[in-house]
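Peer 1: Structure in structure tokens, see below.
We did not get these values from a lab; they are worked out from the coordinates using the rules stated. Just so it is clear, the model here is predicted, and its values are computed rather than measured. Here the Cβ positions follow ideal geometry from the backbone for every residue, glycine too, while neighbour counts run over all protein chains shown.
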């Protein structure tokens, strides 16, 4: 007998979408933004992508407040930057302990409720689309859950602890949006490159109880997020030499649309979010110096919220992360404007 208690059967994605349907106007926004993002990854549009927002979407009202601020800044930098807000609704935990995100706990102070969590994640992404005109990014922590949001998302990330997983790679090969593959926490770029190769090719596999065939995702790409050495110390991989090395790895293989997003937090910043502006500026300098790096680096992934830093779940500070520390709004707004000037 399995050591698990089966509490209830959850709604399937089709049923959830019927309960919370996307309107034709929303579909049009998603597709128009998807075309721009495709053009950036394929080199037809030379704007920079900013995938920016809270580490985890813990408070829907605060997240929407934050995203509405991004909308105002987007208008100021629309010729240089294309913004994809982060709405990360499921949070990987290194040891399995701690807050696992909106999907698990729609109320961080209450016990987990996966049914309410599925509804809450779809509602939040829909509200962002309706209220701000932004289709957003989410992390694919559970590949089988992707179809609850697949008609809303602009971008998908596969995390450092998931990138070597076969199911993540195969499901990514069937997604119609860009999928960023993070380098693993130990830093071996061959793991990330193998994931990109797998995602860019078609496969036959089992998904949600079906035998499915994927066509391959030509927009699967690298995310550099730094790594940990054998002593548990954070080390970066965003420097000029790292970017040149990644360009060489792409050149050695058979890849469509070689691309990289630089994650400016995590091990790249040593989890010090205040380092993110400095990291962005160094990468922008590398792009200006080397045309190959400029062609490769399509943008940044930045952890940003209303308030600087982080707090415990019961901290009570509105717009402050309850997971990894983030860059506060004033500094984030200044950074976005500076990036646009340095393009």
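Peer 1: Can you tell me which of 161, 47, 93 moves the most in a GNM of the chain? Springs connect C-alpha atoms under 10 Å apart.
Peer 2: Of 161, 47, 93, the Gaussian network model singles out 93 as fluctuating most.
Peer 1: Stokes-Einstein diffusion coefficient for segment 78-147 at 25 °C in a medium of 0.890 mPa s, Rh from the Kirkwood formula over Cα pairs: what value in µm²/s? Present the calculation step by step, with values, prior to reporting the outcome.
Peer 2: Details: Rh = 13.2 Å.
Estimated via Stokes-Einstein, D reaches 186 µm²/s.
Peer 1: Could you work out the pair-distance distribution P(r) of segment 100-232 from its alpha-carbon pairs, with 10 angstrom bin width and percents rounded to whole numbers?
Peer 2: Pairs per bin, as whole percents: 13, 37, 34, 16, 1.
Peer 1: Per residue, how big is the convex hull of segment 1-153 when only Cα atoms are used? Give it in Å³.
Peer 2: Considering the Cα atoms of segment 1-153, their hull volume per residue is 136 Å³.
Peer 1: Report the label-to-label distance for residue 241 and residue 46 in nanometres (one decimal), using points 7 Å from each Cα along the Cα→Cβ vector.
Peer 2: 3.0
Peer 1: Additional query: What is the spin-label model distance, in nm, from residue 72 to residue 127 if the labels are put 7 Å beyond Cα along the C-beta direction?
Peer 2: 1.9
Peer 1: Then there is this: Just from the alpha-carbon atoms, what are the Rg and Dmax of segment 13-342 in angstroms?
Peer 2: Answer for segment 13-342, Rg first and Dmax second: 18.4, 53 Å.
Peer 1: Here's another thing I want to ask about it. So for 289, 148, fewest C-beta neighbours within 10 Å to most, what's the order? All intermediate terms of the calculation are to be shown ahead of the outcome.
Peer 2: Details: 289 10, 148 25.
Ascending Cβ contact count within 10 Å gives the list 289, 148.
Peer 1: Another question about this same structure. Using a Förster distance of 25 Å, how high is the FRET efficiency between residue 3 and residue 144, based on the Cβ-Cβ distance and rounded to 0.05? Please list the in-between numbers first.
Peer 2: On the way: r = 21 Å, r/R0 = 0.84.
E between residue 3 and residue 144, to the nearest 0.05, is 0.75.
Peer 1: Another question, if that's okay. So how far, in whole Å, is the C-alpha centre of segment 2-72 from the one of segment 301-343?
Peer 2: 19
Peer 1: Turning to a different aspect of this structure: May I ask you to order 81-87, 325-331, 236-242 by the average number of other C-beta atoms within 10 Å around their residues, highest value first?
Peer 2: Working: 81-87: 25.0, 325-331: 20.3, 236-242: 17.3.
Order by mean packing, descending: 81-87, 325-331, 236-242.
Peer 1: To continue, here is another question. Provide the gained length on full extension for the span residue 311 to residue 28, in nm with one decimal, where the gain is 0.36 nm per separating residue minus the Cα-Cα distance.
Peer 2: That works out to 98.1 nm of additional length.
Peer 1: I've got another one for you. Starting from 0.36 nm per residue, how many nanometres of slack lie between residue 93 and residue 251 once their C-alpha separation is accounted for?
Peer 2: 53.5 nm
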